[in-house]
Amino acid sequence: MQATKALSNNLSAIAQSDAVLLSASEHKIDSADIDDSAIQVVETLATAGYEVFLVGGCVRDLLLKRQPKDFDVATNATPEQINQLFRRSRIIGRRFRIVHVRFKREIIEVSTFRRAVDKEDISLAHSRKDLSGKVSAQSSKGVMLRDNAYGSLNEDVFRRDFTVNALYYDPLSGTLIDHVKGMQDLDAGVLRIIGNAEQRYREDPGRMLRAVRFSAKLGFELDNDSSQAIHHTAELIGEVSPARLFDELSKMFLSGNAEKIWELLVHYNLASLLFPSVSDDHSMIIESMRSTDTRISAEKPVTPGFIYGVLLWSALQRRTQSHSANMSVPQARETAAAEVIAEQQPNISIPKRFTQFIRDVWRLQPKLEKRQSRQIERTLGDRRFRAAYDFLLMRCSAGELPSELADWWTRIQEVDSDERAQMIRDQQTRGNKNPKRKKKKPSRPQP
Ligand code: ATP
Ligand code: MG
């Protein structure tokens, strides 16, 4: 009964359009793979008489037989109307208002169909001062600041980013709707931006990062236009807000495909625009991306703090070097760490809990390098020891330090207490034999 009603709502949505409709027997979506909460949201909206579909990454992933990360719902109900239908829901977002419907274990995102911004909206909102109350707006460089102009499904399709992300699925009737030859691209493994690529990246430069992320995640090739345009618009990446950049990049680095993602960021010159302080030698970065991917596939914990610590490491070393002409080495390290992090914040804003983590990991590096017998136990007991040790492993694998050092720290964690004590005594002897270690200020300090 409900399904029939939903289908009739939805059929009116696609009438008079040139969309391709595929019935349940003509595509590979298995309804058993769809989350119950998402179905419940669709049923509630359909029963209330709205047009409603699953859309975006979940439809793409269901077709590819991958586990969807989340389920996005699109409807012609406004955020207020959606909000009224679900007790545990709330409207969020400013740049893009959507409704979060909360269930026990998850949140379903429901968005209202949008239309693309038209010329009138753009000229109305060209000045940043004039944005309040406007449904959609762009900055002086044509970057979209808001996108809240509601529309129909036929319009909604064309403001989505890639063809494979613009497939709509009605789980109640099993109908799949394709306006943009998305199925063809999905079968061919092609990531194609909808519309004029350069214009679409200009209105939201964050789409360049999405292109990189999906290409790496799905193993899809960007089509020629979608790829070439990035070379023309890469500079606009600085228009994306520092908070969104942190979110997008963290999602990318922790996606399990970080190594591939870094390669693509370098290829499109986005890496040097995002991280201008990175030196030409990327070995440690590549090493850490690879190890993050391995940890994710082994379901070990990962934090974006670690990767940012690696990305800013070469800048920290250079800065420490230049400060140590005028101050003590520990002071130079502290000052350099504070400056390097502060300088990154206006581009990519790293939340405090991560910057603290980065500084702790950096602070422990000299202790791990020196292995001073008196400090070894304390270093091993530091709450950041594990992360600092992993960081040291990265430095050793990248050839920055002898691998013997990594082996020593690996071993001291594995041996029993007697042997540990012996290892510490050996260091003491080594320290005594090496008078240079006692000097407070070495002449050429290493960070
Ligand atoms: P993921 O697997 O990461 O969830 P996704 O494709 O679902 O991938 P979301 O960020 O959840 O990505 O967005 C859901 C959908 O909203 C996308 O598939 C796309 O259709 C649309 N979308 C999201 N961000 C943009 C954007 N910046 N520009 C255009 N469309 C977008
Ligand atoms: Mg999604």
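The values are calculated or read from the model by the stated rules, or taken from the named source; none is laboratory data. These figures come from a predicted structure and were not determined experimentally. Virtual Cβ from ideal backbone geometry, glycine too; neighbours counted across all protein chains shown. Surface accessibility is based on the protein's heavy atoms, side chains included, excluding ligands, DNA and RNA. Shrake-Rupley method; radii C 1.70, N 1.55, O 1.52, S 1.80 Å.
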- request: Would you mind finding the one in Ser417, Ser403 that is farther than 24 Å from Val361 by Cα and open to solvent by 60 Å² or more (accessible area, probe 1.4 Å)?
  value: Ser417
- prompt: So which residues in segment 69-97 are modelled with pLDDT of 95 or more and within 12 Å of ligand 2 (Cβ to nearest atom)?
  reply: Phe71, Asp72, Val73, Ala74
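Per-residue answers, yes or no, for (1) more than 22 Å from Ile230 (Cα to Cα); (2) among the β-branched types (Val, Ile, Thr):
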| site | (1), (2) |
| --- | --- |
| Ala258 | no, no |
| Val266 | no, yes |
| Ala271 | no, no |
| Ser283 | yes, no |
| Ser297 | yes, no |
| Phe306 | yes, no |
| Ser314 | yes, no |
- request: Name the single residue, out of those in segment 67-79 being without any contact (Cβ under 8 Å) to a residue 60 or more places away in the chain and open to solvent by 20 Å² or more (accessible area, probe 1.4 Å), that is farthest from ligand 1 (Cβ to nearest atom).
  value: Gln67
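State which residue is nearest to Lys352 (Cα to Cα) when the search covers only segment 219-238 and only residues that are within 17 Å of the chain's Cα centre (by Cα) and not hydrophobic (A, V, I, L, M, F, W, C). Show your work before the answer.
Let us first name the residues in segment 219-238 that are within 17 Å of the chain's Cα centre (by Cα), namely 219, 237-238.
From what is left, the residues that are not hydrophobic (A, V, I, L, M, F, W, C) are 219, 238.
Values: Gly219: 34, Gly238: 21 Å.
So, considering only residues that are within 17 Å of the chain's Cα centre (by Cα) and not hydrophobic (A, V, I, L, M, F, W, C), the one nearest to Lys352 (Cα to Cα) is Gly238.
Quickly run through segment 16-68 and pick out the residues that are in a strand (DSSP E or B) and either more than 21 Å from the chain's Cα centre (by Cα) or more than 16 Å from ligand 2 (Cβ to nearest atom) (or both).
Just the residues of segment 16-68 that are in a strand (DSSP E or B), to begin with: 20-22, 52-55.
Result: Val20, Leu21, Leu22, Val52, Phe53, Leu54.
Table: residues versus (1) more than 25 Å from Leu245 (Cα to Cα); (2) at pLDDT below 95.
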position	(1), (2)
Arg159	no, yes
Tyr169	yes, no
Ile177	yes, no
Arg202	no, no
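Counting only residues that are hydroxyl-bearing (Ser, Thr, Tyr) and surrounded by fewer than 20 Cβ atoms within 10 Å (Cβ to Cβ), which one in segment 335-364 is farthest from the chain's Cα centre (by Cα)? Full working, then the answer.
Of the residues in segment 335-364, the ones hydroxyl-bearing (Ser, Thr, Tyr) are 335, 349, 355.
Subsequent filtering for residues that are surrounded by fewer than 20 Cβ atoms within 10 Å (Cβ to Cβ) retains 335, 349.
On the way: Thr335: 29, Ser349: 13 Å.
Applying the filter and picking the extreme gives Thr335.
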- prompt: Taking segment 178-215 only, how many residues are in a helix (DSSP H, G or I), in contact (Cβ under 8 Å) with a residue 60 or more places away in the chain, in contact with a helix residue (DSSP H, G or I) (Cβ under 7 Å, 6 or more places away or on another chain) and open to solvent by 10 Å² or more (accessible area, probe 1.4 Å)?
  reply: 2
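Residue-wise test of (1) aliphatic (A, V, I, L, M); (2) at pLDDT below 95; (3) surrounded by fewer than 19 Cβ atoms within 10 Å (Cβ to Cβ).
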{"position": "Gly49", "(1), (2), (3)": "no, no, yes"}
{"position": "Cys58", "(1), (2), (3)": "no, no, no"}
{"position": "Leu64", "(1), (2), (3)": "yes, no, yes"}
{"position": "Lys104", "(1), (2), (3)": "no, yes, yes"}
- prompt: When only residues in segment 80-102 that are within 17 Å of Val55 (Cα to Cα) and out of contact with any helix residue (DSSP H, G or I) (no Cβ under 6 Å at 6 or more places or on another chain) count, which is most open to solvent (accessible area, probe 1.4 Å)?
  reply: Phe96
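Being out of contact with any Lys or Arg (no Cβ under 7 Å at 6 or more places or on another chain), open to solvent by 20 Å² or more (accessible area, probe 1.4 Å) and within 23 Å of Leu64 (Cβ to Cβ): is that true of Glu221 here? If you could, list the steps in order and put the result at the bottom.
Values: out of contact with any Lys or Arg (no Cβ under 7 Å at 6 or more places or on another chain): yes; open to solvent by 20 Å² or more (accessible area, probe 1.4 Å): yes; within 23 Å of Leu64 (Cβ to Cβ): yes.
Considered against the rule, which asks whether it is out of contact with any Lys or Arg (no Cβ under 7 Å at 6 or more places or on another chain), open to solvent by 20 Å² or more (accessible area, probe 1.4 Å) and within 23 Å of Leu64 (Cβ to Cβ), Glu221 comes out as yes.
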- prompt: For segment 158-177, what are the residues that are in a loop (DSSP other than H, G, I, E, B), open to solvent by less than 10 Å² (accessible area, probe 1.4 Å) and away from ligand 2 (no atom under 16 Å from the Cβ)?
  reply: Gly174
query: Can you name the residue in segment 253-310 that is among the charged types (D, E, K, R) and assigned to a helix (DSSP H, G or I) and is also least open to solvent (accessible area, probe 1.4 Å) among such residues?
result: Asp293
